[in-house]
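Asks: This is the structure, below, for whatever I ask next.
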Amino acid sequence: MTRLVRLLFSILLFTLPGIAPAATGGTAIPEPLAPWRDWVLRDQPEHGCPELARQPGLRHCLWPGVLDIALTPGGAEFRQHWDSLADGQWLMLPGDAGHWPRAVTIDGAPAPVIEHEGRPALVVGAGAHEVAGQFVWEQPPQSLAVDPGTALVTLRRDGALQRAELDAGHRLWLRAGRPADSAAADSLRIEVFRRLDDAVPLRLHTELRLTVTGSAREILVGRLLPAESETIALESPLPARIEADGRLRVQMRPGEWRLLLDSRYTAAPERFAAEPLDPQWPAQEIWTFRADPNLRGVRLGGAPAVDPARLDLPPDFGGLPTHLVTADTPLTLTEDYRGDANPAAPRLHLERELWLDFDGGGATVRDRIGGSLSQGWRLQAAPTLALGRVAVDGVPQVVTRVPGLPGQG
C-alpha cells in the first residue's frame, strides 16, 4: 500500500502544471488523478513558485514592491506591497531589534510581528498583500535596516520626496539629503558577456553588467536566459528573477552592478544568437567558447571573431575564442568528430594463474588485467574461455555477449 501511495504521489507531482518544467509548458493532469490534486499538494505549498534547474528545494516565493517611508517629527510610517506565491512565507519588515515596528497591519488588519533571524517579520499566505506600520522614536536614528530583497525605496521628509540612499549593508540612511528631483536623469547601460562550455549538457555562464543612474526603479529586459535552457543559479546583489520568457526582472538603484547566471541547455543547439526582446537590451553580446577536446572537436563560425585583449572580459573568460554575437550574426558550432580523434593505444598488462583439471582436459584460469584504455571500452574473452566471475576495481560486473562477436566479455 505504501509503495502505491508513493507511486501516485510521484505521478501527480510531475504532472501538475505548477511543478512541470516551464520549458515544456506543463502537463495536464489525467482525469482519473485530478481529484487527488489537493491531497498531493497539501505538503507542497511552494509548488507554484519559480524554481532553479528543476530543483523543488530552490524556489523564491516573495516579490516586494516599493517601500514607502514617511518621516514624521516623532517617528516614521511605512507602507509596502508584496506578492506571495505560496502560504507560510516569512515577510521581513523594515527595522531591527533596536527599532521595532509598531501598529503593523496587513491588508488593513492588525498583524502580530514575530522575530525571525533577528529581524521583525510576518508570516503571510499566498496572494497580494499591503503591509503598513510605524516607528516611534525621540531621536531619529542615523539609518534603518531594510529587507535585503527590497531595492525600491521612496523616502519622504515633511511631505517632500528625498533621495533614498541604501548602503551595502541594506540600511537606509535617514539623514537630510538632497531632494529627489535633483538626482541625475534615469539611464541604463547593459553589457552582456557569455561563456559557452562544451559539455554534456552544454553549459552557459553569463555575466551581466548594469550601469544605473537616476532613480531606483524596476525594469524588465532581456533575453537573459536563452531558449531551450534552464537556470542553475542566479547571483545578484539586487532583487532579481527570471520570467518564463527568459527576460530579467530586476529592482535596481543607482550604481554599477554585476549579475551572474549559470544555466544549461536542455537540447543540443548548434546556433547561438542574441535575442534582444527590449530596446534597452544591447544588440551585441560577447561570447567566448571553452572547448573539450576529449568530448569532441568543433569548428566555430558565423559570428565575427574579436580580439579579447581589447575587451574587459571577466577573469575566467580570458584566453578563449571570442566572438561578437548579434541576432543576425549567430555563433555556430560544426561538429567534426566525437571523442578523441587520435586515441592512444591501450596499455594493459596481464597476470594469469592456471589450475589444470585432473583429467588434463581443461583448466581453471584467474586473470588480473591492469592498465589504461583510451578506446574500445570492452574486454572480450577468447571463445574457448567460459567466464565465471568478473570484477572491476572489486565491483562485480555482468558478463554479456555482443551479437556478431564470439565469446563473452
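The values are calculated or read from the model by the stated rules, or taken from the named source; none is laboratory data. In this text, all values refer to a predicted model and were calculated from it rather than measured experimentally. Here Cβ is always computed from backbone atoms with ideal geometry, including for glycine, and neighbour counts include all displayed protein chains.
Asks: Taking the stretch 312-334, which residues are surrounded by 12 or more Cβ atoms within 10 Å (Cβ to Cβ) and either assigned to a strand (DSSP E or B) or over 34 Å from the mean Cα position of the chain (by Cα) (or both)?
Replies: Scanning the stretch 312-334 gives T322, H323, L324, V325, L331, T332, L333.
Asks: Let me ask something else about it. Would you please name the residue that is farthest from G127 (Cα to Cα), looking only at residues in the stretch 70-100 that are surrounded by fewer than 17 Cβ atoms within 10 Å (Cβ to Cβ) and aromatic (F, W, Y)?
Replies: So, considering only residues that are surrounded by fewer than 17 Cβ atoms within 10 Å (Cβ to Cβ) and aromatic (F, W, Y), the one farthest from G127 (Cα to Cα) is W100.
Asks: Enumerate the pairs (first residue in the stretch 390-409 and over 12 Å from R378 (Cα atoms); second residue anywhere and exposed (fewer than 11 other Cβ atoms within 10 Å of the Cβ)) with beta-carbon separation below 6 Å, excluding pairs fewer than 6 apart on the same chain, so at least 6 apart or on different chains.
Replies: The qualifying pairs are P406/P383; G407/A382; G407/P383.
Asks: If we scan the stretch 205-224, do we find a residue that is modelled with pLDDT of 90 or more, loosely packed, with under 14 Cβ neighbours inside 10 Å, aliphatic (A, V, I, L, M) and out of contact with any Cys (no Cβ under 9 Å at 6 or more places or on another chain)?
Replies: Yes, the stretch 205-224 has at least one match.
Asks: For the subset of the stretch 350-377 comprising residues that are within 50 Å of the chain's Cα centre (by Cα) and at pLDDT 80 or above, which member is nearest to R338 (Cα to Cα)?
Replies: Quick first cut of the stretch 350-377, residues within 50 Å of the chain's Cα centre (by Cα) only: 350, 367-377.
In the following step, the residues that additionally are at pLDDT 80 or above were identified as 350, 367-371.
Numbers: L350: 30, D367: 32, R368: 31, I369: 28, G370: 26, G371: 24 Å.
Restricting to residues being within 50 Å of the chain's Cα centre (by Cα) and at pLDDT 80 or above, the top hit is G371.
Asks: Those residues that are surrounded by fewer than 21 Cβ atoms within 10 Å (Cβ to Cβ) and closer than 17 Å to A97 by Cβ, I need them from the stretch 121-133; list them, please.
Replies: Of everything in the stretch 121-133, just one residue is surrounded by fewer than 21 Cβ atoms within 10 Å (Cβ to Cβ) and closer than 17 Å to A97 by Cβ, namely A121.
Asks: Inspect all residues belonging to the stretch 244-256 and state whether any of them is surrounded by 18 or more Cβ atoms within 10 Å (Cβ to Cβ), small (G, A, S), at pLDDT below 90 and within 30 Å of W82 (Cβ to Cβ).
Replies: No; the residues of the stretch 244-256 include none that is surrounded by 18 or more Cβ atoms within 10 Å (Cβ to Cβ), small (G, A, S), at pLDDT below 90 and within 30 Å of W82 (Cβ to Cβ).
Asks: For the stretch 260-301, which residues satisfy the criterion of being of a type in the set (G, A, S) and within 20 Å of the chain's Cα centre (by Cα)?
Replies: In the first step, residues of the stretch 260-301 are kept if they are of a type in the set (G, A, S); the result is 263, 267-268, 273-274, 283, 291, 297, 301.
Answer for the stretch 260-301, where residues must be of a type in the set (G, A, S) and within 20 Å of the chain's Cα centre (by Cα): S263, A267, A268, A274.
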